[in-house]
Amino acid sequence: MKTQIAIIGAGPSGLLLGQLLHNAGIANVIIERQTPDYVLSRIRAGVLEQGMVDLLREAGVSQRMDEEGLVHDGFELAFDGRSEHIDLKGLTGGKTVMVYGQTEVTRDLMHAREAAGATTYYSASHVQPHDLKGEQPYVTFEHNGETLRLDCDYIAGCDGFHGVSRQAIPAGVLKEFERVYPFGWLGILADTPPVNEELIYANHERGFALCSMRSPTRTRYYVQVGSDEKVEDWSDERFWDELKARLPAPVAARLITGPSIEKSIAPLRSFVVEPMQYGRLFLLGDAAHIVPPTGAKGLNLAASDVSTLYRILLKVYGEGRTDLLEKYSEICLRRVWKAERFSWWMTSMLHRFPDTDAFSLRMQQTELDYFVSSEAGRKTIAENYVGLPYEAIE
Ligand code: APR
Ligand code: PHB
């Protein structure tokens, strides 16, 4: 088999890149380890920056998002007994975010790909990229008991943090940067009306809490838990009690609880590899970087990587500009690091750390107080939350 771009992984990165390339007449094949149902069963984030919303529109997959997504003009920061509104729209000259689940983005992209008739191999095993430094790279994999070979011009590694693409790069080439946080997020999905019109990020002495949503009838809530906690030890009742204890009293009083549809614990990690390219292999999204979810940046960073590689490939195939390929990593990394910084900062400001003492607690409260009391501070939070601009490729 032969194609132009071999894409490994059918998460949001792989599917979005595939759709944009397909629309532009650039052939691509996606190879995914799981089944479509499995991919769609993963509950992930749900806040889309304007840049990602625009990219989904450009890809022609925005119809349901535009109908059902919730445009949010701001969010609440609760700390030290206060509740502070961050007016995203007012502080950024009109920018907003879209609350629309990653699962729904993925579903829309899968439907669009199916309708377009582009090739996807699901349930593929032993996926392996080869000859990355050569002129003719290829990917081998097993599918329905057969061993297949896909020859291509370039490989897009969109296979997440645990994927094979990053591991296919020889040892010593990549520089890794990592911070593992000493806690996780216990998340619950429930068919209950949201407690608040906007998201609430809460710093509380019992630990961080977040009120989010998927629709006017479906909510997503999180509480910070220790790294050793087990989801089996968290009954719905225990979760709701803990959440209420961490929210401002008026919010807790109006919280409507209900049975959970999904409940899971996710670890928190910051991770980046440099560079994001090796020969003809390009890493995108979680394959190259992870952020803790506190700034809602993971999915959005995947989208900006996709945008960068897509625009470079348009020039490569349209104008023969292969020189631009070398710029992919540096363009992406400048934005990646800024989102890493914001996610790390939000995480640091809002969570209880095992070594949080009286002094560091006051520092946390004072830094939050300083930021929200200053127009410059509020603007800094807002411009990062709505998403920093995508860098042009030249
Ligand atoms: N071969 C083929 N596919 C693989 C392999 C492999 N060896 N390993 C992993 N995959 C698949 C996974 O099953 C998954 O469907 O690659 C896909 C990667 O998808 P995601 O993990 O969702 O990563 P990505 O597409 O980069 O999405 C961006 O940012 O912060 C996050 O939650 C956010 O998951 C989102 C991510
Ligand atoms: C979510 O809705 O799942 C969500 C929202 C905001 C975050 C993280 C997760 O910062």
Could you size up the charge dipole of segment 338-387 around its Cα centre, putting +1 on the beta carbon of Lys and Arg and -1 on that of Asp and Glu, and report it in debye to the nearest 20?
120 debye
Quick check for me: using +1 on Lys/Arg Cβ and -1 on Asp/Glu Cβ, what's the dipole size of segment 185-325 about its Cα centre, in debye to the nearest 20?
400 debye
Under the definition of Cα pairs under 8 Å and six or more residues apart, what whole-number percent is the relative contact order of the chain?
20 percent
Solution diffusion estimate, µm²/s, Stokes-Einstein, the chain, Kirkwood Rh from C-alpha pairs, 4 °C, viscosity 1.567 mPa s
59 µm²/s
Indicate the gyration tensor shape class of segment 9-73 (rounded, prolate or oblate), computed on the Cα atoms with a ≥ b ≥ c the square roots of the eigenvalues: a/c under 1.5 is rounded; otherwise a/b larger than b/c is prolate and the rest oblate.
oblate
Based on DSSP H runs of at least 4 residues, each adding -39500 (n - 2.57), what is the mean residue ellipticity at 222 nm of the chain after dividing by all its residues, to the nearest 500 deg cm²/dmol?
-11000 deg cm²/dmol
Treating only the Cβ atoms of Lys and Arg (+1) and Asp and Glu (-1) as charged, compute the dipole magnitude of the chain about its Cα centre; round to the nearest 20 debye.
220 debye
Take the Cβ-Cβ distance between ALA376 and LYS338 as r, set R0 to 30 Å, and report the resulting FRET efficiency rounded to the nearest 0.05.
0.95
Sorting check: for 338-349, 221-232, 149-160, which peptide has the highest mean count of neighbouring beta carbons within 10 Å, and how do the rest follow?
149-160, 338-349, 221-232
First measure r as the distance between the Cβ atoms of SER227 and ALA24, then evaluate 1/(1 + (r/R0)^6) with R0 = 41 Å and state the FRET efficiency to the nearest 0.05.
0.40
Throw me the Rg/Rh for segment 170-281, computed over C-alpha atoms with Kirkwood Rh, two decimals.
1.12
Contour minus end-to-end for GLU319 and ALA392, with contour as 0.36 nm per residue of separation and end-to-end as the Cα-Cα distance?
24.6 nm
Listed residues ILE381, ILE256, ILE31; largest mean-square fluctuation, Gaussian network over the chain with Cα springs below 10 Å, found at ILE256
Cβ-derived FRET efficiency at R0 41 Å, ALA253 paired with PHE161, nearest 0.05
0.55
For segment 198-355 the mean separation of alpha carbon contacts under 8 Å (6+ apart) over residue count, i.e. relative contact order in percent, is 23 percent
Distance check, please: which entries in LYS297/LYS379; LYS95/LYS327; LYS244/LYS379; LYS244/LYS297; LYS95/LYS297 exceed 20 angstrom between their Cα atoms?
LYS95/LYS327; LYS244/LYS379; LYS244/LYS297
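No value in this document is a laboratory result; all are computed from the given coordinates. Remember, it's a predicted structure, so these values are computed and weren't measured experimentally. Positions of Cβ are backbone-derived with ideal geometry, glycine not excepted, and every protein chain shown enters the neighbour counts.
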